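To start, the structure under review is shown below, and the notes come after it.
Just so it is clear, none of the values below were taken in a lab; they were calculated from the coordinates. Just so we're clear, the structure is a prediction, and the values are computed from it rather than from any experiment. In this analysis, Cβ positions are derived from the backbone assuming ideal geometry, glycine residues included, and neighbour counts consider all displayed protein chains.
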Amino acid sequence: MSRRSESTVIAHITDAHISPNGKRTAVLKDRSVEILDDLVKQCTEYVTDLVLFGGDNIDNKDGETEIAAFLEIANRGPRWLCVTGNHESVHDLVGSGRVSKRTFAAAVEGHGISPGRYSFSEVVKNVRVIGLDTTLYGTGGGHVSDDTLDFLADELRFAEEEHIVVLGHHLLAAPWAPYRLDAWDKDYLVSNRDVVVSLLATNPRVRAYLCGHHHASRVHRIAGRGQGGGFYHILTPSPVAYPAAGRILRFEEEGMVIETIHPRLEGVIPQSLEAVMSGRKAQRYELLGTPRSFTEYVAGRDSDNNAVLPYSGPRTKGVYDSGIERRMSSVVE
Ligand SMILES: [Fe+2]
C-alpha cells in the first residue's frame, strides 16, 4: 500500500522508563536515554504528525533528572502528547528523589496533561486523540475514575473527526486470554474495564485503544458485535524491554496501517532478551501453562507488528474477499 502524503501518521512510544542513572534490571534502563533518542529520531525521519508517549515515560527513581532527559529528547522530535503511567502516578508527598504525578504533569504542560488534569482531548488532522488517565494512586493496576469517564463520554459524544484514537497506560483486555492469571489481571488491567470498553464502543469512529504497561506486542479487536462494531486493542511493547519497540500508525483510506519500529542501536535486542528472561514476568508466565514460549508471547506474531487493520473490522462483509482481510486473518482469534 502506498503512503499518501495527506495520511495522518501517529507514533506510539510507551514505557520508555527514562533513567539516565538507571541500572539494568529486566529492562535496559541503562540504555533508556539513547534508545528513546533513536526512536524519536525515527519518528522525525518518518514525518510523523504526532508522537504519543503512553506513560512510564520516566522510571521515577531519580525524577527531576529523568524529566529533564525526557523533555530534552521529546522536544527534539515532532509534536508530542503524553499521559502518565503507574511510575509517574505518585502522591505529592514523596521522597527518595521521586517526583509526584503533579510535578510530572507540570513539567510536560502543553503536551496533553497538566497539574490536576490528567486526561486530554486534542486533534491532529482528521484524528481526535483522547488521552485517558488510567492510573490509581497506591497501585500499579489501572482504574478510570468517574470524572474521567464523564470526560470520555463527552468527548466521544461531540467528536466530529473521521477517526478517534484513545491512549491509556493500562490494558482493557488480557492478551494472555484464554489462559488465566489473576495476579496479572490485578497488575495490568483497568479494574473497571467493562464500563470503559462499553463507552468506547458507543462511537463507531473509535478505531483503537493504545496501551502499554505489559511490555508486549498484541493487536486484537474487541467489543465487536455480529458482523461489525468494536475497535482495535493495540498493546505496544516498551522500547527498553524485549522485543524493544515502538509503533507507527498510519491512517489510510483502506484502514489503519501499523508498523513496528526498533531501536537502531548495537546489541539492544540480545541484551533486552537476556534482561527480560531474568525478570519476574517471565517466571510468572510459566504459571499460565501455555505451550507458547514467553519470548514468542511478548514479541507477538507478524499480525501484531505489521498489519493493515480495516476500520470496520475484519468480520465485515466484503472485507473477507479482499487482500486486506487475508493479511488480517491471523489477527482474529
Ligand atoms: Fe506501567
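What lysines sit close enough to Lys101 to cross-link, taking a C-alpha to C-alpha distance under 22 Å and skipping anything fewer than 8 places away on the same chain?
The qualifying lysines are Lys29, Lys61, Lys186.
Take the Cα atoms of region 68-214, find their three principal axes, and give me the spread along each one in whole Å, biggest first.
On the principal axes, region 68-214 reaches 43, 40, 27 Å in Cα extent.
Just need the Rg to Rh number for the chain, please, alpha carbons only, Kirkwood Rh.
With Rg and the Kirkwood Rh in hand, the quotient comes to 0.94.
May I ask you to evaluate 6.51 cos²θ - 1.76 cosθ + 1.60, the Karplus curve with θ = phi - 60°, for each residue of region 40-51 and list the ³J(HN,Hα) values in order in whole Hz, giving x for glycine and proline?
Ordered by residue, 3J(HN,Hα) equals 5, 4, 5, 4, 5, 5, 6, 6, 7, 6, 7, 10 Hz.
What are the extents of the Cα atoms of region 14-117 along their three principal axes, listed from largest to smallest and rounded to whole Å?
Result, largest extent first: 41, 33, 18 Å.
If N is the number of residues in region 148-213, what value comes out of its Cα radius of gyration divided by 2.2 N^0.38 Å?
Normalised Rg, Cα atoms only: 1.20.
For a protection proxy built on the mean count of beta-carbon atoms within 10 angstrom, sort 280-286, 86-92 highest first, please.
Peptide ranking by packing, descending: 86-92, 280-286.
At a Förster distance of 51 Å, what's the computed FRET efficiency of Ser278 paired with Arg225, Cβ-Cβ distance as r, to 0.05?
0.75
Counting each pair of different Cα atoms once, what's the Kirkwood radius of region 140-292 in Å, rounded to one decimal?
Hydrodynamic radius (Kirkwood, Cα pairs) of region 140-292 is 16.9 Å.
I'd like the GluC sites (Glu not before Pro) in region 150-204 restricted to DSSP loop residues with at most 10 other Cβ atoms within 10 Å, sorted by number.
Within region 150-204, the qualifying GluC sites (Glu not before Pro) (loop, at most 10 other Cβ atoms within 10 Å) are Glu160.
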